[in-house]
Amino acid sequence: MLRELGRTEGAADTLDVLVRDQDTRRLLLLRALLDAAGAAPATRCPPRALDRLHRDWALLEAAEHADRTAVRATLLHPLVGPWARRCLRGLIGPATRPGPGLRAGLDHLSALAAAAAIRAGLPFTTRLTAHHGLLALPALGALRTAPATTTTVTATHRDGRLTLRGAAGGPLAAHVQPDGSLCSADPRWLPVLPLPAAPPGLGPVPLDDTDPCRGDTSGPGPHGPRAATPVDDPERKTWARYWTAAAPLLRAGGPHRLTETATLLRCLVPLRPPPGAGPAPGGPGAAQYSGTRREAFGAVLSSLPATPAHLAATLVHELQHTKLSALATLVPLHQNNPEPRHFAPWRPDPRPLDSLLQGTYAHLAIAGHWQRLALAAGSVTHRDLGWAEHARCREQAAAALPALAGSAELTREGRILVNEMIALYHRMGDFPPPADQLARAQAYVATTRVIWRQRHGPRGP
């Protein structure tokens, strides 16, 4: 498995090992949350809140008896992970009294249980709480309520019809669609768009722009993704069009790319475009942000890419982070040295060994993806784009591989993985890019190194 993954590949059975481990950890996390609430002092989890948690858990159990697959899909939705970790930290952290964030977080279990019961087709009536003007049902959508208020909403589900009462504007009715989505003609309802199934086996995947845990509300880092954002109808249609067009491009990058996308990708989270993206995000030459969150296994966060080809490359890139993070959780790849001291030509700041390994792994994968597209391209435009991107990514990986190869911090498993990455780098040299593309990529990396040394010194921190 390590050698296979080191080649940035992964057959279905190999990926299933990573997925099963992540899914087991999610279910244990949810159980740990319930147990922590029961063990917490009354100042942190009052009896009324604990009683509500037990009622929500009972609804989850009843829904699982009705349709285990549907309930597990809800519990394993990527954005449930950040919510559960945040609540668990609030219950066992140093605070003596629950803040509003913990109270709202614990209330969210009611919405999670309701979403699971809806997907399982279980009739129920329960009370939900909307915070900050929004009541989100994970992976299904959200109800807009009065802003900056806390609103109690009664939810009733019968025969595929959900009725929400208590919000301003009167009752709202929503209906379960054949694809599992929840739709309503009421403008207060914000549905989650299921991106259409694109054969073979790719999708449907929710474009989740309603979940309150989809972004980091503390704001972006200096080099990281901006906060997640709702999208309007034209942008949703663009996402759907790009998604459908990306499937054959993933297939051209190798059958393993379709396999890992179908196996690992569970939702797409739209991000705000980066500063300077221009008036038409998603257009030619548009700047883009993308990323993953380790606690949200299966989610890819991205602003709208420039083209379907860039969406396919984004999926390849980010799913390598998903794959490698899951592997590193299962088996240690290196000693955990957090010191940021390594040069990475895709970042202006020094990187710790783990980040260098993650970035090099992803760049090798997209270098191979673009190379395959360039060799298979039927148009000059796609061929030139493929070779340019391949040359840049391969040269960036080349600049980082020596530090990984010479590191004494790798474990035995990490050494096996890195050796396969080096072998992959050399195999790509059997089909070199045009000389002018290679020269530009080499000059780009050399310039990046000079700037980095001017900023951080010849050896870095």
Could you run through segment 74-130 and say how many residues are in contact with a strand residue (DSSP E or B) (Cβ under 6 Å, 6 or more places away or on another chain), among the hydrophobic types (A, V, I, L, M, F, W, C) and surrounded by 22 or more Cβ atoms within 10 Å (Cβ to Cβ)?
7
Which listed residue is of a type outside the set (S, T, N, Q) and more than 20 Å from Gly253 (Cα to Cα), from Arg383, Arg394, Arg415
Arg415
So, Ala376, is that one of a type in the set (A, V, I, L, M, F, W, C) and either modelled with pLDDT of 95 or more or open to solvent by less than 30 Å² (accessible area, probe 1.4 Å) (or both) or not?
no
Evaluate segment 14-36: report whether one residue or more is open to solvent by 40 Å² or more (accessible area, probe 1.4 Å) and modelled with pLDDT under 95.
no
Could you tell me whether Arg68 is modelled with pLDDT under 95, out of contact with any Leu (no Cβ under 6 Å at 6 or more places or on another chain), farther than 30 Å from Arg412 by Cβ and basic (Lys, Arg)?
no
For Val176, are the conditions met, namely being closer than 18 Å to Ala299 by Cβ and hydrophobic (A, V, I, L, M, F, W, C)?
no
Does segment 356-373 contain at least one residue that is part of a loop (DSSP other than H, G, I, E, B) and open to solvent by less than 60 Å² (accessible area, probe 1.4 Å)?
no
Of the candidates Leu324, Leu311, the one satisfying the condition of being of a type outside the set (Ser, Thr, Tyr), closer than 30 Å to Gly414 by Cβ, part of a helix (DSSP H, G or I) and modelled with pLDDT of 95 or more is Leu324
Between Ala374, Ala287, Ala365, Ala344, which is under 20 Å from the mean Cα position of the chain (by Cα) and touching a residue at least 24 places away in the same chain (Cβ under 8 Å)?
Ala365
Tell me yes or no: at least one residue of segment 204-217 is within 26 Å of Ala309 (Cβ to Cβ), hydrophobic (A, V, I, L, M, F, W, C) and modelled with pLDDT under 85.
no
Do the conditions hold for Val331, that is, is it within 17 Å of the chain's Cα centre (by Cα), at pLDDT 95 or above and among the β-branched types (Val, Ile, Thr)?
no
Pick from segment 247-272, criterion open to solvent by 30 Å² or more (accessible area, probe 1.4 Å) and among the polar types (S, T, N, Q), ranking: farthest from Arg383 (Cα to Cα)
Thr263
Select, from Pro194, Pro147, Pro187, the only residue that is closer than 26 Å to Trp239 by Cβ, open to solvent by 20 Å² or more (accessible area, probe 1.4 Å) and in a loop (DSSP other than H, G, I, E, B).
Pro187
Residue ID - surrounded by the most Cβ atoms within 10 Å (Cβ to Cβ), chosen from residues in segment 400-458 that are closer than 17 Å to Pro348 by Cα and of a type in the set (Ser, Thr, Tyr):
Thr448
Does Ala139 qualify as being touching a Phe, Trp or Tyr at 6+ places or on another chain (Cβ under 9 Å), buried (at least 24 other Cβ atoms within 10 Å of the Cβ) and over 24 Å from Ala40 (Cα atoms)?
no
Pair list, Cβ < 6 Å and 6+ apart or interchain, from segment 147-163 residues that are among the charged types (D, E, K, R) to residues that are assigned to a loop (DSSP other than H, G, I, E, B) and open to solvent by 20 Å² or more (accessible area, probe 1.4 Å):
Arg158/Pro123
Of everything in segment 6-29 that's of a type in the set (A, V, I, L, M) and in contact with a helix residue (DSSP H, G or I) (Cβ under 6 Å, 6 or more places away or on another chain), which residue is farthest from Pro100 (Cα to Cα)?
Ala12
Please work out which residue is least open to solvent (accessible area, probe 1.4 Å), limiting yourself to segment 151-180 and to residues that are closer than 17 Å to Leu135 by Cβ and not in a strand (DSSP E or B).
Ala167
Check segment 395-417 and report whether any residue there is part of a helix (DSSP H, G or I) and hydroxyl-bearing (Ser, Thr, Tyr).
no
Could you tell me whether Leu27 is at negative phi and in contact with a Lys or Arg (Cβ under 9 Å, 6 or more places away or on another chain)?
yes
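The values are calculated or read from the model by the stated rules, or taken from the named source; none is laboratory data. Since this is a predicted model, take the numbers as computed values, not measurements. Here Cβ is always computed from backbone atoms with ideal geometry, including for glycine, and neighbour counts include all displayed protein chains. With ligands, DNA and RNA removed, areas are computed over all heavy atoms of the protein, side chains included. Shrake-Rupley method; radii C 1.70, N 1.55, O 1.52, S 1.80 Å.
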